Amino acid sequence: MYSIIDDLILYRNLKFEDTIREFCSLNKDSVDTSKTIAKLLEVAGEYGLDGNLWENVLALALAYNENVYSKATEIIGETKGSINTFALHDFKIFKDLFHFVPDIDDELLDAISHYVGNGRDSKLVNTRVRDRILRLSKQLSSAKSDEEFKNIVTEFYKEYGVGKFGLNKAFRIEESNDLNSANIIPITRVEHVYLEDIIGYDIQKKKLTHNTESFINGKPANNCLLYGDAGTGKSSSVKAIVNEYYDKGLRIIEIYKHQFRYLSDILEQLKDRNYKFIIYMDDLSFEESELEYKYLKAILEGGFGKRPENILIYATSNRRHLIRESFRDKTETDEELHSRDTVEEKLSLSARFGEKIYYGSPDKKEFNGIVLSLAKKHGIDMDEKEILAKANMWELSHGGMSGRSATQFITYLQGQK
């Protein structure tokens with residue numbers, strides 16, 4: 001059966017396309033009215049929607065559709081050329097859809113138009129983006145002209161981007177049956193840590209932000225290795241960087257070393273987008289028997305293909321040289337005749353990170369400063385000397401002096417209230 005969405009030029013293969021088609025064909029004689037409404041309710045539950053469900057679904061379809069126009073305007077904004085003529089054609093259709101009213105029971109129609117959600121967060125996008133899509137829905141419903149409708153959508157793409165990369169800041173790799181291709185899956189619940197939350201390490205944070213800002217601004221930037229003692233804030237610093245620069249188009253993709261065979265495919269999927277991507281490897285290290293580091297070496301430097309300019313690699317590790325070394329590597333009594341070549345191959349991986357930032361464990365004074373700062377931040381009402389005495393006892397049995405043990409100690413005190 002013909003539907004108005006068949007006339008769309010750019011916005012083909014819409015998200016929820018079947019539901020949109022079915023809703024457009026509803027009338028009082030429809031036998032599948034309840035099934036179509038049930039689909040709307042399912043979307044509402046997954047995305048945490050409320051308000052006009054029909055308009056919300058259309059707004060979601062626009063927010064997720066990756067096409068020539070939406071990808072051209074993500075982060076950058078309004079573009080020039082004939083593509084705007086085709087976009088305006090499609091937005092006229094969407095504008096008509098926003099004002100479509102099916103001929104169904106008034107009570108059901110009212111419930112769809114004034115849906116009240118259950119107050120739960122979205123399972124598929126973070127709350128801030130979900131709220132922005134709901135605002136987009138209301139703005140588009142109030143658009144007075146096709147041109148205004150187009151401008152509203154374009155501004156959304158400029159501010160948030162389009163599709164999964166636009167609506168999420170962090171991603172993970174889901175392995176597929178095809179060993180050469182990767183599924184990039186959004187992480188919807190990201191820890192809200194910022195650089196100001198990390199006490200101390202000002203020099204380290206400055207180096208990291210300088211490198212990241214150069215990258216975001218299109219200037220030369222290096223792959224970055226954060227190494228040093230455990231619990232010193234290496235991983236938190238990378239998370240903070242993404243939270244700080246998300247609104248400037250920065251995204252992060254977390255990958256584990258057993259997934260390194262997908263690196264080439266990941267780069268292929270990301271290279272033509274207007275975002276800046278950090279491929280993030282946490283707690284990176286290799287044992288002598290593990291050869292996955294060879295995939296990483298080829299991507300960092302050494303392959304024929306040039307790494308896309310919108311991609312950097314950030315890694316954290318407790319080892320500066322990443323690959324475990326033994327004294328056997330340095331002796332000439334081993335079965336391997338060219339032992340120096342073995343050592344050089346292992347050291348060459350670390351050397352391919354142009355920016356290396358060391359995070360050392362805090363001394364006594366620094367540790368106490370971290371504890372007191374965290375106590376103040378979290379409203380711990382306790383004498384300063386008592387807090388430090390308890391903190392010093394805590395670190396002796398909880399891995400020594402580090403930002404992590406200080407945080408765990410403050411969490412313990414909060415639990416005692």
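Hey, how many Å between the Cα centroid of the range 166-185 and the Cα centroid of the range 213-253?
20 Å
Filter the chain for me: DSSP H helices, axial length by Cα at least 15 angstrom, mean Kyte-Doolittle hydropathy not below 1.0. List them by residue number.
The answer, listed by residue number, is 53-64.
Express the relative contact order of the chain as a whole percentage, based on alpha carbon pairs under 8 Å and six or more residues apart in sequence.
The normalised contact order for the chain reaches 14 percent.
Could you tally the net charge around Val238, taking each other residue with its Cβ under 10 Å from the Cβ of Val238, Lys/Arg +1 and Asp/Glu -1?
Neighbourhood net charge equals 0.
Label points 7 Å out from Cα along the Cβ direction at Gln416 and Asp18: separation in nm?
The answer from the label model is 5.7 nm.
Given 0.36 nm per residue, what is the gain on full extension from Glu191 to Asn118 after removing their alpha carbon distance, in nm?
23.9 nm
By how many nm would the segment from Lys138 to Asp32 lengthen if fully extended, with 0.36 nm per residue of separation less the alpha-carbon distance?
In short, 35.4 nm is gained.
Quick one: accessible surface of Glu384, probe radius 1.4 Å, all protein chains present, in square angstrom to the nearest 10.
So the heavy atoms of Glu384 present about 110 Å² to solvent.
Just to confirm my numbers, what's the Cα centroid distance between the range 113-163 and the range 52-77 in Å?
With the range 113-163 and the range 52-77 each reduced to a Cα centre, they are spaced 9 Å.
222 nm [θ] for the chain, helices only, -39500 (n - 2.57) per DSSP H run of 4+, per residue, to 500?
Result for the chain, helices only: -14500 deg cm²/dmol.
Sequence-distant or interchain residues sharing an amide H contact under 5 Å with Tyr359, placed H: which?
The answer is Tyr227, Gly228, Asp229.
Report the extension gain between Glu174 and Asp202 in nm, rounded to one decimal, defined as 0.36 nm multiplied by the number of residues separating them, less their alpha carbon distance.
6.6 nm
Could you work out the local net charge near Arg135, counting Lys and Arg as +1, Asp and Glu as -1, over the other residues with Cβ closer than 14 Å to its Cβ?
Around Arg135, the surrounding residues sum to -1.
Could you rank the peptides 210-218, 274-282 by their average count of other C-beta atoms within 10 Å per residue, with the highest value first?
274-282, 210-218
Taking amide H positions as placed in the peptide plane 1.01 Å from N, state which residues far from Asn183 in sequence (5 or more) or on other chains have amide H under 5 Å from it.
Glu174, Ser176
Output the pairs from Lys80/Lys276; Lys138/Lys164; Lys248/Lys356; Lys80/Lys219; Lys257/Lys377 with a Cα-Cα distance over 30 Å in this structure; if there are none, say none.
Over 30 Å apart, Cα to Cα: Lys257/Lys377.
What are the semi-axes of the equivalent ellipsoid of the chain, taken as the square roots of 5 times the eigenvalues of the Cα gyration tensor, listed largest first and rounded to whole Å?
48, 29, 19
Rounded to the nearest percent, how much of the accessible area of the range 4-164 (1.4 Å probe, protein heavy atoms only) is carbon and sulfur?
Carbon and sulfur: 49 percent of the exposed surface of the range 4-164.
How do the peptides 312-318, 137-143, 88-94 rank, highest first, by the average count of neighbouring beta carbon atoms within 10 Å per residue?
Listed from highest to lowest mean packing, they are 312-318, 88-94, 137-143.
For the range 364-415, give the percent of accessible area contributed by carbon and sulfur heavy atoms, probe 1.4 Å, rounded to a whole number.
54 percent
For every other residue with a beta carbon closer than 12 angstrom to the beta carbon of Leu208, add +1 if it is Lys or Arg and -1 if Asp or Glu, then tell me the sum.
Net charge around Leu208: +2.
Over the range 4-164, what is the relative contact order in whole percent, taking alpha-carbon pairs under 8 Å and six or more residues apart?
38 percent
Ranked highest first by average number of other Cβ atoms within 10 Å, how do 5-12, 251-258, 128-135 line up?
251-258, 128-135, 5-12
Tell me the per residue accessible area of the chain using a 1.4 Å probe; a whole number in Å² is fine.
52 Å²
The values are calculated or read from the model by the stated rules, or taken from the named source; none is laboratory data. What you see is a predicted model, and the numbers here were worked out from it, not measured in a lab. Neighbour counts run over all protein chains shown; Cβ positions are idealised from the backbone, glycine included. We work out accessible area using only protein heavy atoms, side chains counted, and drop any ligands, DNA or RNA first. Shrake-Rupley method; radii C 1.70, N 1.55, O 1.52, S 1.80 Å.
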